[in-house]
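Below is one structure; the comments refer to it alone.
The values are calculated or read from the model by the stated rules, or taken from the named source; none is laboratory data. Because the structure is predicted, anything quoted here is derived from the model rather than measured. Please note: Cβ atoms are built from the backbone with ideal geometry, for glycine as well, and neighbour counts cover all protein chains shown. Calculation scope for accessible area: heavy atoms of the full protein, side chains included, ligands and nucleic acids excluded. Shrake-Rupley method; radii C 1.70, N 1.55, O 1.52, S 1.80 Å.
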Amino acid sequence: MAATKRKPLSRERILAAALALVDEQGIEALSMRRLGQALGFEAMSLYNHVASKDDLLDGILDLVLAEMEPPPPDGGLPAIRRSAVAAHEALQRHAWAAHLLMAPGRVRVARLDYMEALLACLRGAGFSADTTYHAYHVVDAHIVGFSLWQAGHAAAPAHVEDMREWFERMIPVDRFPHLHEHGLQHLDDGPHRAVSAFEFALDLLLASLEKLRETASA
């Protein structure tokens, strides 16, 4: 019987496999050896398509950035909202990405394009350069910062088998009544589950920007 022919390597195939590996096992799990095993090739074969592990990290970060939707310059605050939600959802799908996005020196062209688009949309919405300076920072900080916070709270500690028992032991109701009440909301269903905390804060932020714009134009 003829041997099954392996699908040839390409940069696109390597990056797709790396992204899947990191999404499943975390950024710490990524190595050329492990990626080569997943693809059925020796690790050295990968270097014909990616220059280094750093190049690999840049490549998978670019794939995440490609899932985001920069706002058009004439889209106004509704476009900024849609863009922010899409960016947050991309960072949720790839929980490791927000941290890598903020790593010193890891500046990607797609990230610069997003920043430029957000600034242009704010200016196109009628905000002054001075107001845009602050508005850009709070919107971008909400997208990335909330995603970082959420990634840190996404999973229970590795040693915990019974989350509720661990919670009751760590946050006793007699000492932390309000924190205990809040913690139970994370564990139980209720009307609060129908609201996205990210979007709740985003809407407050955008409403404040709208009020600033109205005040400036009055």
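The residues on offer are 169, 193, and the sole one that is open to solvent by 100 Å² or more (accessible area, probe 1.4 Å), more than 30 Å from residue 83 (Cα to Cα) and either among the aliphatic types (A, V, I, L, M) or assigned to a helix (DSSP H, G or I) (or both) is 169.
Out of the residues in segment 156-166 meeting the condition of being surrounded by fewer than 10 Cβ atoms within 10 Å (Cβ to Cβ) and either of a type outside the set (Asp, Glu) or under 11 Å from residue 187 (Cα atoms) (or both), tell me which one is modelled with the highest pLDDT. For segment 156-166, the residue satisfying everything is 159. The requirement of being among the small types (Gly, Ala, Ser), open to solvent by less than 60 Å² (accessible area, probe 1.4 Å) and either in a helix (DSSP H, G or I) or modelled with pLDDT of 95 or more (or both) is not satisfied by residue 216.
Considering segment 34-48, the residues that are in a loop (DSSP other than H, G, I, E, B) and more than 30 Å from the chain's Cα centre (by Cα) include one that is farthest from residue 17 (Cα to Cα), namely 42. For segment 71-101, the set of residues classified as over 28 Å from residue 26 (Cβ atoms) and crowded, with 16+ Cβ neighbours inside 10 Å consists of 71, 73, 75, 76, 77, 79, 80, 81, listed by residue number. The selection criterion, being touching a residue at least 24 places away in the same chain (Cβ under 8 Å), out of contact with any Phe, Trp or Tyr (no Cβ under 6 Å at 6 or more places or on another chain), open to solvent by 10 Å² or more (accessible area, probe 1.4 Å) and assigned to a loop (DSSP other than H, G, I, E, B), does not hold for residue 104.
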